[in-house]
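A short write-up of the structure that comes next.
The values are calculated or read from the model by the stated rules, or taken from the named source; none is laboratory data. Values in this document were obtained by computation on a predicted structure and should not be read as measured data. All Cβ positions, even for glycine, are placed from backbone atoms using ideal geometry, and neighbour counts span all protein chains on display.
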Amino acid sequence: MTTLPLPAYAQLSEADADALTELYRRGTPPNTLRAWERDLAYIAAWKMAAFGQPLSWPEDEKVALRFILDHAQDLTNRPGPAQDVALELIALGLRLALSCPAPATLDRRIASWQAFH
């Protein structure tokens with residue numbers, strides 16, 4: 001059986017990876033980095049509350065779709081797991097209300113998710 005070569009990113013040294021990370025950070029506006037940090041904290045807390053597990057990259061597609069569904073509907077009068085998770089996020093100070101987040105907020109979090117992936 002023939003073994004396939006490792007992808008180029010798997011052949012980088014730790015110093016190379018650190019240098020690329022630094023290059024990326026220098027090329028990314030500070031406001032974007034802060035927004036991504038907040039979004040990553042939110043998504044990680046949501047995953048832990050919803051599934052009892054930490055984020056795992058690449059994340060399963062079904063987890064991402066569940067995130068979208070949980071945030072694309074008003075949960076005020078919808079008791080169930082999605083509302084329970086939303087209430088936990090509210091208690092943590094990460095979510096403001098059971099209503100849908102603003103479309104721009106949801107769009108940004110989905111874009112952040114794609115960037116993290």
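Taken over segment 33-53, the criterion of being touching a Leu at 6+ places or on another chain (Cβ under 8 Å) and within 15 Å of Leu106 (Cβ to Cβ) is satisfied by Tyr42, Ile43, Trp46.
For segment 1-26, the set of residues classified as modelled with pLDDT of 80 or more, loosely packed, with under 10 Cβ neighbours inside 10 Å and of a type in the set (Gly, Ala, Ser) consists of Ser13, Ala15, listed by residue number. Restricted to segment 34-57, and to residues there that are modelled with pLDDT of 85 or more and loosely packed, with under 12 Cβ neighbours inside 10 Å, the residue that is nearest to Ala86 (Cα to Cα) is Gly52. With respect to Lys62, determine if the residue is surrounded by 12 or more Cβ atoms within 10 Å (Cβ to Cβ) and at pLDDT 90 or above. It is false that Lys62 is surrounded by 12 or more Cβ atoms within 10 Å (Cβ to Cβ) and at pLDDT 90 or above.
Only residues that are assigned to a helix (DSSP H, G or I) and either of a type outside the set (Asp, Glu) or surrounded by fewer than 15 Cβ atoms within 10 Å (Cβ to Cβ) (or both): list them for segment 65-81, please.
Leu65, Arg66, Phe67, Ile68, Leu69, His71, Pro81
Checking the stated criteria, Asp18 turns out not to satisfy the condition of being of a type outside the set (S, T, N, Q), part of a helix (DSSP H, G or I) and within 18 Å of the chain's Cα centre (by Cα). What do you reckon, is Arg109 under 13 Å from the mean Cα position of the chain (by Cα), surrounded by 12 or more Cβ atoms within 10 Å (Cβ to Cβ) and closer than 16 Å to Ala41 by Cβ? For Arg109, the condition - under 13 Å from the mean Cα position of the chain (by Cα), surrounded by 12 or more Cβ atoms within 10 Å (Cβ to Cβ) and closer than 16 Å to Ala41 by Cβ - is met. Filtering segment 82-117 to residues that are small (Gly, Ala, Ser) and part of a helix (DSSP H, G or I) leaves Ala82, Ala86, Ala91, Ala104, Ala111, Ser112, Ala115.
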